[in-house]
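Engineer: Right, I'll just put the structure down here and ask away after.
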Amino acid sequence: MVQLLGTIRPSPSLSYFATYKRQLSLYSPPTKAPANGFSPFRRVFNSYLQSNSETTAAGSPCEHSEIIFIGTGTSEGIPRVSCLTNPLKTCAVCLKAVEPGNKNKRLNTSILVRYPRPSGNYNILIDAGKFFYHSALQWFTAYGIRTIDAVIITHSHADAIGGLDDLRDWTNNVQPSIPIYVAQRDFEVMKKTHYYLVDTSAVLAGAAVSELQFNIIREDPFVVQDLKFTPLPVWHGRGYRSLGFRFGNVCYISDVSDIPEETYPLLKDCELLILDALRPDRSSSTHFGLPRALEEVRKIQPRKTLFTGMCSPHFAEDQVLGMMHLMDHEKVNDYLLKLKETEGLDVQLSYDGLRVPAAFHG
Ligand SMILES: [Zn+2]
Ligand SMILES: [Zn+2]
């Protein structure tokens with residue numbers, strides 16, 4: 001039995017992970033927004049101490065593998081500033097998103113893959129986008145995450161790599177360097193966007209920038225800190241490649257508009273699928289919308305799916321029509337819950353700060 005952190009939201013539908021002799025539950029993040037980023041950590045930390053006789057702290061061993069959703073929103077984030085400053089319209093979702101602890105608040109998509117080792121935990125981050133600092137300030141402090149053992153990059157858009165500069169805080173103050181795993185095409189982009197991180201000879205003497213070690217990955221499996229990652233090549237707009245990753249029986253695809261036929265075999269027997277679903281009504285040229293994402297779930301047949309990468313419809317409550325209305329976190333999840341009864345589909349939206357124990361390692 002896995003020790004559980006924080007508030008538990010039991011879900012009978014998640015029993016499939018029993019095959020791993022581990023329990024999968026969805027955790028709620030701290031319900032109050034951190035004033036300074038530290039109080040939720042203290043609360044979760046205390047509840048963990050109460051539920052676990054073992055002493056734990058940032059960097060000490062954890063008992064189970066887990067995924068922490070560092071961000072689950074589209075590039076511009078939710079709430080949109082423009083929605084909150086619009087004198088002519090009120091955006092219901094963005095208004096909710098500013099409330100402390102509201103699950104409609106979503107920053108750039110990213111997950112932390114966390115698993116135990118004798119001397120502490122491995123913390124592997126997938127993507128560090130434009131809002132990485134803000135996400136880390138909230139969730140690293142809330143959940144006692146200190147080191148970053150590697151960053152794996154899905155693609156080179158700003159919402160996936162815009163936070164590389166912020167890693168300087170870690171390499172200046174926590175650890176000497178951070179390995180980055182990136183495809184050659186995205187590394188070529190970084191040579192332009194983050195030239196001073198790739199070629200540190202461009203840095204003035206005495207200036208401290210992120211110390212990154214770049215490792216080029218192909219579309220073949222690679223191992224990071226004892227964990228095997230299999231790239232899941234997908235299209236993210238016409239002619240533009242992005243990578244999802246499979247580790248154990250977890251598949252993560254955050255930015256996708258089409259899945260090539262040759263990628264489907266890599267998704268076989270997936271226990272937990274984390275999949276892009278930008279908006280509730282239709283796909284865009286670069287992202288799945290909810291209807292297409294659900295089509296893919298029916299085809300891939302994972303045991304459970306959590307959607308990520310959501311935007312807000314940015315419509316006033318009285319202007320909302322049909323499916324658009326559903327993009328509110330709770331309303332979409334109510335709608336998705338019905339698919340469990342009608343089709344047996346176990347699908348839900350993820351949210352920033354969600355923790356999911358998952359037995360992908362050990
Ligand atoms: Zn992108
Ligand atoms: Zn809005």
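Engineer: In which sequence would 64, 287 go, from the one with the fewest C-beta neighbours within 10 Å to the one with the most?
Structural biologist: 64, 287
Engineer: Considering only Cα-Cα distances, which of the following residue pairs are longer than 29 Å: 103/340; 191/304; 191/299; 105/191?
Structural biologist: 191/304; 191/299; 105/191
Engineer: Count charges around residue 300 for me, please; just the other residues with Cβ under 12 Å from its Cβ, Lys/Arg as +1, Asp/Glu as -1.
Structural biologist: Local net charge: +2.
Engineer: So how far apart, in nm, are the two label points at residue 193 and residue 86 if each is 7 Å from Cα heading toward Cβ?
Structural biologist: Roughly 2.7 nm, to one decimal.
Engineer: Please report, in whole Å³, the volume per residue of the convex hull around the C-alpha atoms of the stretch 78-164.
Structural biologist: 103 Å³
Quick note: the coordinates plus some simple rules give every number you see, no bench work behind them. All values derive from a computational prediction rather than experimental measurement. Please note: Cβ atoms are built from the backbone with ideal geometry, for glycine as well, and neighbour counts cover all protein chains shown.
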